[in-house]
Every structure is written in structure tokens, then in C-alpha cells.
Amino acid sequence: MIKTNAMRIIEKEKVNYTVHTYDGCALSGVEVANVLGEDVANVYKTLVTTAGAGKYYVFVIPVACELDLKKAAKVSGEKSLEMLPQKQLLPLTGYIHGGCSPVGMKKQFATFFDSSAEGKTVFVSGGKVGIQVQLYIDDLVKITNGKFADVVRS
């Protein structure tokens, strides 16, 4: 298997992780969790938001949840946030929809992990559709210089 940029960065940080692959036909995060035979509460998706004027924020939340943009804006110190249009994802991050990892974007943006991840081993995209990496959340937070926050819709 070819290593992705995300995997190389994780290894450079000397973090233990496990690679899980699946047929890239799974369309949603919930489908990915099901294909991997994992609890949806342990599989996380990476979302990129914008506050306009070149301000971007990354949120990592459980695949079955929805980002609460008001909570997200509050924790990021912004008045409001919008989801980044899909066509801007690749040029901004280097990743495509369905393969966006919080690790290894072209530029490191402020990153927030939903507080539901605290103390867990989680799955996130390995930087390519069909690849998930499983690692301890504290290692992921350290690599991304992230923070925990309650950012999902109740």
C-alpha cells in the first residue's frame, strides 16, 4: 500500500496507528463505519469551515453527527462560520471530499475535536478515499495542535 502524506506525518511523530482500507464505494461516514464493522461513535469525519477573508477552521466530529455552526463559531472566536464549498476543498487542503484528513493539509488550520472523542481511540481519514487510520485521540490532538470542544448539534 502506498503511504499517504497523513500517514507519513503520523509516523514522523512516532505515533502508533493502524491502517484500515475499504472499497471506496462507501459514500458516507456512516457507510464507512459499517463497511469497517466499527461503531459509528468511534469513526470521525473532518469538516472545513470558513469565516471569510481567508479564515479557515477544521472540525472533527462523529460521522453520524452534524456540526453545530453556532457552537463552532463560538469556540473559534468568530461571529459566524460556513461550511467550505466542496469545490474549494482540494485547492485549500490538498484533499478531496471523502478523503480529507485532519493531518497533513497544505496548511495547518485551527483544529477542534468534538469532546465526545476524549479518551478514545478513533478512526479518521488517512488522506485518501478508502483509507482510514485508527489512533489514540490525544496523539491526533498533539499532531494537529488541536483542542477539544462541544461542537455537534444536540
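The values are calculated or read from the model by the stated rules, or taken from the named source; none is laboratory data. All values reported here derive from a predicted model rather than from experimental measurement. Cβ placement follows ideal geometry from the backbone for every residue including glycine, while neighbour counts extend to all protein chains displayed. With ligands, DNA and RNA removed, areas are computed over all heavy atoms of the protein, side chains included. Shrake-Rupley method; radii C 1.70, N 1.55, O 1.52, S 1.80 Å.
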Pairs where the first residue, in the range 118-137, is farther than 13 Å from Leu36 by Cβ and the second is among the acidic types (Asp, Glu) and open to solvent by less than 10 Å² (accessible area, probe 1.4 Å), C-beta under 7 Å, 6+ apart: none
Matching residues, the range 25-45, being more than 15 Å from Ile61 (Cα to Cα) and either open to solvent by less than 60 Å² (accessible area, probe 1.4 Å) or not aliphatic (A, V, I, L, M) (or both): Cys25, Ala26, Glu31, Asn34, Leu36, Gly37, Glu38
Only listed residue being of a type outside the set (Val, Ile, Thr), in contact with a Phe, Trp or Tyr (Cβ under 6 Å, 6 or more places away or on another chain) and more than 21 Å from Val30 (Cβ to Cβ), chosen from Gly146, Gly104, Gly119: Gly146
Qualifying position, being polar (S, T, N, Q) and in contact with an Asp or Glu (Cβ under 9 Å, 6 or more places away or on another chain), among Ser76, Ser101, Ser115, Ser80: Ser115
Output for the range 46-57, where each listed residue is of a type outside the set (A, V, I, L, M) and open to solvent by 40 Å² or more (accessible area, probe 1.4 Å): Gly54, Lys55, Tyr56
Count of residues meeting criterion [of a type in the set (Ser, Thr, Tyr) and open to solvent by 50 Å² or more (accessible area, probe 1.4 Å)] in the range 117-153: 2
Members of the range 105-139 that are over 17 Å from Val63 (Cα atoms) and within 11 Å of the chain's Cα centre (by Cα): Met105
Identity of the residue in the range 45-57, of a type in the set (Ser, Thr, Tyr) and touching a residue at least 40 places away in the same chain (Cβ under 8 Å), that ends up farthest from Asp114 (Cα to Cα): Tyr56
Which numbered condition Asn5 fails, given (1) open to solvent by less than 60 Å² (accessible area, probe 1.4 Å); (2) under 15 Å from the mean Cα position of the chain (by Cα): (1)
Selection count, the range 58-98, where residues are assigned to a loop (DSSP other than H, G, I, E, B) and either open to solvent by less than 40 Å² (accessible area, probe 1.4 Å) or in contact (Cβ under 8 Å) with a residue 12 or more places away in the chain (or both): 14
